[in-house]
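Undergrad: One structure, as structure tokens, below. Some questions next.
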Amino acid sequence: QQQVKQSPQSLIVQKGGIPIINCAYENTAFDYFPWYQQFPGKGPALLIAIRPDVSEKKEGRFTISFNKSAKQFSLHIMDSQPGDSATYFCAASKGRDNQGGKLIFGQGTELSVKP
Amino acid sequence: EAQVTQNPRYLITVTGKKLTVTCSQNMNHEYMSWYRQDPGLGLRQIYYSMNVEVTDKGDVPEGYKVSRKEKRNFPLILESPSPNQTSLYFCASSSILQMGAFFGQGTRLTVV
């Protein structure tokens, strides 16, 4: 079963728009929620991560919003640029698995930002 | 430069012919993992290792083997590859001291 569900599968926005990617999880033991960014031909790279004790985290133009009661979290990209075009993955892990890199990934969202 | 190096980047093989994909990291990380990436399924963990000689199954271990004889290396072995193992494979490493995993460039495997 898919423990982390991600939507939409693909997303097209104009430059300057604010794409939003959503993820939902089932396991309430998850306590670490990272987002990874992947460019074609490259491996995923950590973009930003959040713990469930906060509702929002910002790093530059990237913001994670977290809703613990709904078991949902989302990625917002402010003032999106063509260079943000990539595939984005949400993920989750729990406890000591965080350090072990035992991540459960969502299905991925292919984002295209048009000039 | 801190990195995770996988080889080969591309591989086409025939069903049943044993193969090994190598993975090496230069960050002295304790943890290493293998994932496969398939369209619509995201990345799924195959095996992971918490230290030398310590490995455990991930979510999709069937048909794969791993070994961790040295801290820096974590090869993925397909003893008898089948077409359903055609996929994009990623090795990753992480440290007990920091969150997040570092991924290699990937190995695109085709089994015919």
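Undergrad: May I ask you to give the percent of accessible area on chain B that is carbon plus sulfur, with a probe radius of 1.4 Å? Kindly include the intermediate steps, with their values, before the conclusion.
TA: On the way: 2770 of 5320 Å².
That fraction is 52 percent.
Undergrad: Checking an interface number: how much accessible area is buried between A and B, summed over both chains, with a 1.4 Å probe, in Å² rounded to 100? Walk me through the numbers on the way to the answer.
TA: On the way: alone 6280 and 6280 Å², together 10630 Å².
Between A and B, the summed buried area is about 1900 Å².
Undergrad: Could you list which residues have their amide H under 5 Å from that of residue A:80, counting only those 5 or more apart in sequence or on another chain, with H placed in the peptide plane?
TA: A:16, A:17
Undergrad: Simple spin-label model, 7 Å along Cα-to-Cβ: residue B:54 to residue A:114 in nm?
TA: 5.2 nm
Undergrad: How do A:7, A:69 rank by accessible surface area computed with a 1.4 Å probe, from largest to smallest? Mind dumping the intermediate values first?
TA: Working: A:7 55, A:69 110 Å².
Greatest to least solvent exposure: A:69, A:7.
Undergrad: Hey, another quick one. Tell me, what ³J(HN,Hα) does each residue in segment B:84-96 have, in order and in whole Hz, if you take phi through Karplus 6.51 cos²θ - 1.76 cosθ + 1.60 with θ = phi - 60° and put x for Gly and Pro?
TA: With coefficients 6.51, -1.76 and 1.60, one gets 6, 9, 5, 5, 9, 10, 10, 9, 9, 10, 8, 10, 5 Hz.
Undergrad: Keeping all protein chains in place, calculate the accessible area per residue for the protein assembly as shown (probe 1.4 angstrom), answer in Å². Before the final figure, lay out each step's value.
TA: Working: 10630 Å² over 227 residues.
Accessible area per residue, the protein assembly as shown: 47 Å².
Undergrad: Percent of accessible area on chain A owned by carbon and sulfur, 1.4 Å probe?
TA: Details: 2620 of 5310 Å².
Percent of accessible area from carbon and sulfur atoms in chain A: 49.
Undergrad: Also: Roughly speaking, what is the stretch gain from residue A:94 to residue A:12, that is 0.36 nm per residue apart minus the C-alpha to C-alpha distance, in nm to one decimal?
TA: Numbers: separation 82, 0.36 × 82 = 29.52 nm, distance 3.21 nm.
Result for the pair: 26.3 nm of gain on full extension.
Undergrad: Where the centre of each part is set by its Cα atoms, how far does segment B:39-112 sit from segment A:33-63, in angstrom?
TA: Each part's Cα centre sits 22 Å from the other's.
Undergrad: Can I ask one more? Per residue in segment A:18-50, which ones lose no less than 50 Å² of accessible surface when going from chain alone to all protein chains (1.4 Å probe)?
TA: The answer is A:44.
Undergrad: Here is a further query. Could you work out the mean count of beta carbons from other protein chains within 10 Å of each residue's beta carbon in B:91-104?
TA: Taking all residues of B:91-104 together, the mean is 5.
Undergrad: When all protein chains stay in place, what accessible area (Å², nearest 10, 1.4 Å probe) is found for residue B:9?
TA: The accessible area comes out at roughly 80 Å².
Undergrad: Could you give the length gained by full extension between residue B:65 and residue B:105, i.e. 0.36 nm per residue of separation minus their alpha carbon distance, to one decimal place? Walk me through the intermediate numbers first.
TA: Details: separation 40, 0.36 × 40 = 14.40 nm, distance 2.04 nm.
Extending this stretch completely gives an extra 12.4 nm.
Undergrad: With labels modelled as points extended 7 Å from the Cα through the Cβ direction, what inter-label distance (nm, one decimal) is found for residue A:78 paired with residue B:98?
TA: Each label point is offset 7 Å from its Cα along the Cβ direction, giving 2.5 nm.
Undergrad: Relative to the present Cα-Cα distance, how much length would full extension add between residue B:18 and residue B:41 at 0.36 nm per residue of separation? Don't jump to the answer; show the numbers that get you there.
TA: Numbers: separation 23, 0.36 × 23 = 8.28 nm, distance 2.56 nm.
Difference between extended and current length: 5.7 nm.
Undergrad: A follow-up question, please. Could you work out the mean count of beta carbons from other protein chains within 10 Å of each residue's beta carbon in B:33-44? Walk me through the intermediate numbers first.
TA: Details: counts 4, 0, 5, 0, 7, 1, 4, 3, 5, 17, 12, 3.
That works out to 5 on average.
The values are calculated or read from the model by the stated rules, or taken from the named source; none is laboratory data. Bear in mind that the values here come from a model prediction, so they are computed numbers and not experimental data. Ideal geometry is used to build each Cβ from the backbone, glycine not excepted, and the neighbour counts take in all protein chains shown. Just the protein is used for accessible areas: all its heavy atoms, side chains included, with ligands, DNA and RNA removed. Shrake-Rupley method; radii C 1.70, N 1.55, O 1.52, S 1.80 Å.
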